[in-house]
Amino acid sequence: PDVKVFGPSKAAAELEASKAFTKDFLQEHDIPTAKYRNFTSADDAIAYVKSLDPSDRQVVKASGLAAGKGVLLPTTQEETLAAVNEIMSDRAFGAAGDTCVVESFMTGPEASCLAFCDGRTAVLMPAAQDHKRALDGDEGLNTGGMGAYAPAPCVTPELQREIEAMCVKTVEKMAERGTPYVGCLYAGMMLTPNGPSVLEFNCRFGDPETQVVLPLLETDLYEVMSACCDGKLNEVDVRFKENVSAATVVCAAKGYPEKYPKGMAIKGLDSGACQAGGVKVYHAGTKVDANGVTRCSGGRVLAVTGTGPDLTGALASSYRA
């Protein structure tokens with residue numbers, strides 16, 4: 001039987017698998033991104049860095065997949081040269097660093113912009129922002145994401161339209177090259193003083209952004225995904241709830257992202273606050289033992305999402321649970 005697959009082909013997923021491919025693609029089609037150069041030779045990359053103004057800050061990236069760790073943020077030219085050597089000569093990220101991207105450092109707020117794509121066009125979901133630090137008050141180590149909220153106030157309606165047009169153009173140009181993109185396109189955007197610019201693409205829903213974006217979806221998710229698989233997204237009225245915000249807070253094991261204990265019992269999942277309307281508890285690092293007790297089995301354990309009329313109300317719902 002035919003199986004509908006909501007997701008890109010291997011060829012279309014190059015948008016995430018190869019940062020070098022993506023940078024070339026964006027440049028070719030005049031989709032805003034940071035100034036960059038791709039290198040397969042460490043010597044050439046070092047010579048390029050040395051040719052730049054030392055005050056011109058750079059970002060150094062392993063082109064391939066490196067489990068989210070292949071992006072280095074040096075602050076001086078000396079650190080930039082060390083970053084190139086770490087990726088290309090020391091092979092800190094293995095084959096992912098065979099090609100290295102050196103790009104100009106961009107400033108501004110970051111936003112996570114997810115779009116439904118059907119191989120022909122794209123519909124942008126409300127923009128989200130995530131919280132990276134492990135602790136409240138923007139303290140602690142950087143993590144894979146300790147929470148998120150949507151819609152992000154920094155993405156105005158005008159910026160939303162601009163970013164959606166960039167996603168639509170990406171899908172159209174991918175189709176023209178014979179690699180149509182179907183699924184969720186996650187555009188990491190930097191809202192620079194000169195307008196939105198693409199940091200990177202992921203070829204999937206993002207965690208924890210998905211936990212705040214999908215609760216805002218009013219149209220049936222299956223209907224949207226099925227239309228994407230059939231190339232008929234334009235036939236579906238993709239609607240999102242108006243005047244509703246969502247915020248998710250990640251409950252993590254003490255010590256994450258470094259060493260942390262496992263096996264602790266999780267209490268309160270059946271409490272009234274967790275079962276209340278406007279609250280969803282998503283499980284990540286959990287398991288149920290032989291006695292039916294839910295226990296911690298990872299660093300990021302739960303994501304508790306609350307909704308409300310605004311971000312303050314949504315956060316209050318999440319923290320109450």
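The values are calculated or read from the model by the stated rules, or taken from the named source; none is laboratory data. Only a predicted model underlies this, so the values are computations on that prediction, with no experimental measurement involved. Note that we place each Cβ from the backbone using ideal geometry, even for glycine, and neighbour counts take in every protein chain shown. Surface accessibility is based on the protein's heavy atoms, side chains included, excluding ligands, DNA and RNA. Shrake-Rupley method; radii C 1.70, N 1.55, O 1.52, S 1.80 Å.
In terms of packing, defined here as the mean over residues of other Cβ atoms within 10 angstrom, the peptides 293-302, 111-120, 57-66 line up highest first as 111-120, 57-66, 293-302. Think of a 1.4 Å ball rolled over the protein heavy atoms: the chain then has 50 Å² of accessible area per residue. Each Cα pair under 8 Å and six or more residues apart adds its separation to the average, and for the chain the resulting relative contact order is 16 percent. Around the amide H of Thr286, modelled in the peptide plane, lie the amide H atoms of Ser297, all under 5 Å away and 5 or more residues distant in sequence or on another chain. Which of the three applies to the range 70-111, rounded, prolate or oblate, going by the alpha-carbon gyration tensor with a ≥ b ≥ c and a/c under 1.5 meaning rounded? Oblate.
Assuming 1.567 mPa s and 4 °C, estimate D for the range 1-48 with Stokes-Einstein, Rh taken as the Kirkwood radius over Cα pairs, in µm²/s. After rounding, the answer is 99 µm²/s. Once neighbouring chains are kept in place and the probe is 1.4 Å, which whole percent of the accessible area of the range 22-102 is contributed by carbon and sulfur? Percent of accessible area from carbon and sulfur atoms in the range 22-102: 48. Please label the shape of the range 63-206 as rounded, prolate or oblate, based on the square roots a ≥ b ≥ c of the eigenvalues of the alpha-carbon gyration tensor (a/c under 1.5 means rounded; beyond that, a/b larger than b/c means prolate, else oblate). Verdict is oblate for the range 63-206. Evaluating 6.51 cos²θ - 1.76 cosθ + 1.60 at θ = phi - 60° for every residue in the range 261-266, the Karplus couplings come out as x, 10, x, 5, 6, 9 Hz, glycine and proline recorded as x. Only DSSP H runs of four or more residues enter the estimate; each adds -39500 (n - 2.57), and after division by the residues of the chain the mean residue ellipticity at 222 nm equals -7000 deg cm²/dmol. Per the Debye calculation on the chain with a single equal scatterer at every Cα and no solvent contribution, log₁₀ I(q)/I(0) for q = 0.07, 0.10 Å⁻¹ amounts to -0.31, -0.65. Ligands, DNA and RNA left out, the 1.4 Å accessible surface of the range 139-282 is 49% carbon and sulfur atoms.
The region of the chain that goes longest without hitting one of the GluC sites (Glu not before Pro) in a DSSP loop, each with at most 14 other Cβ atoms within 10 Å, is 1-217. Here, the range 195-292 yields an orientationally averaged convex hull projection of 10.8 nm² when only Cα atoms define the hull. Distant-in-sequence amide contacts of Thr192, defined by a placed amide H-H separation under 5 Å and a gap of 5 or more residues or a different chain, comprise Ser197. Sequentially through the range 68-79, phi angles give Karplus couplings (6.51, -1.76, 1.60; θ = phi - 60°) of x, 10, x, 10, 10, 10, x, 10, 10, 5, 4, 5 Hz, Gly and Pro residues having no value and appearing as x. Think of each Lys and Arg Cβ as +1 and each Asp and Glu Cβ as -1; about the Cα centre, that makes the dipole of the range 172-221 roughly 220 debye. Short-range pairs are left out: with C-alpha atoms under 8 Å and at least six residues apart, the relative contact order of the range 58-99 is 47 percent. Taken one residue at a time, the phi angles of the range 271-286 give Karplus couplings (6.51, -1.76, 1.60, θ = phi - 60°) of 5, x, 5, 6, 8, 5, x, x, 10, 10, 10, 9, 8, 10, x, 10 Hz. Gly and Pro are set to x. Under 5 Å between amide hydrogens, built in the peptide plane, is the criterion, and for Ala252 it picks out Val301 among residues at least 5 positions away or on other chains.
Scaled against 2.2 N^0.38 Å for its residue count N, the alpha carbon radius of gyration of the range 129-256 is 1.18. Calculated over the range 1-86, the projected area of the Cα convex hull averaged across directions stands at 7.6 nm².
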